[in-house]
Amino acid sequence: MTTNVRTAPSSVRKAAVLLATLSAEESAALLSRLEAHQARAISQEMGRLDSIDAREQQGVMLEFVADGLKSQRRSRKASVQMPDDSRGTSRFEFLLELGTDDLLAFLQVEHPQTIALVVSRLPAERAAATLAGLPPDVARNVRRRMARLSPCNELALDDVAAGLRETLSRLPREPAYPRISVLRKSSLDQAV
């Protein structure tokens, strides 16, 4: 975290709320990466948290994911090593045609790494809404994997997108949400 927690008191609460949603090990790992005064301020705020309103938690999570995706995209553009991923989002554009509930139902049967890859390629607001709609344990796993994503091979991205597109095309053309919920295996499992 590069934000100076002394000048932005609300950032301390946001960080505390965010860390409170993680496991104790994950929270400790993140706190260990901060300066001592930052970790102390956030830890104290975490100790003052009685209960967290679901709306506040969701707002903090959405802001965190949106900021993280924007930062990730900025760093990709600035990196000399990273090829321009101008097709990164367009590869998965067909998923944007699904409503949020349908997209969630479709992705929930996928492996968390696949979900992380797809969500990292969605527009920030759609990615944040998708993460917010996942079950908490899945969302936590996906966020962790997103944080560790490295540059992807273009052919691998094409394969994942093609597998998802094929899986979606095989589904019956009935109302979207029920048809998606009948998925039993991930497209990665089928490809392996």
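The values are calculated or read from the model by the stated rules, or taken from the named source; none is laboratory data. Here the structure is a predicted model, which means the values were calculated and not measured. Neighbour counts run over all protein chains shown; Cβ positions are idealised from the backbone, glycine included.
A few points about this structure:
- Enumeration of residues in region 96-108 that are touching a residue at least 40 places away in the same chain (Cβ under 8 Å) and either of a type in the set (A, V, I, L, M, F, W, C) or assigned to a helix (DSSP H, G or I) (or both): Leu98, Asp101, Asp102, Ala105, Phe106
- Region 153-176: number of residues that are crowded, with 17+ Cβ neighbours inside 10 Å and closer than 16 Å to Thr114 by Cβ: 7
- Qualifying positions in region 109-118 - part of a helix (DSSP H, G or I) and farther than 15 Å from Arg165 by Cα: Pro112, Gln113, Ala116
- Top-ranked residue in region 14-66 [being assigned to a loop (DSSP other than H, G, I, E, B) and among the acidic types (Asp, Glu); ranked as modelled with the highest pLDDT]: Glu35
- Which numbered condition Lys185 fails, given (1) within 16 Å of Leu104 (Cα to Cα); (2) at pLDDT 85 or above: (2)
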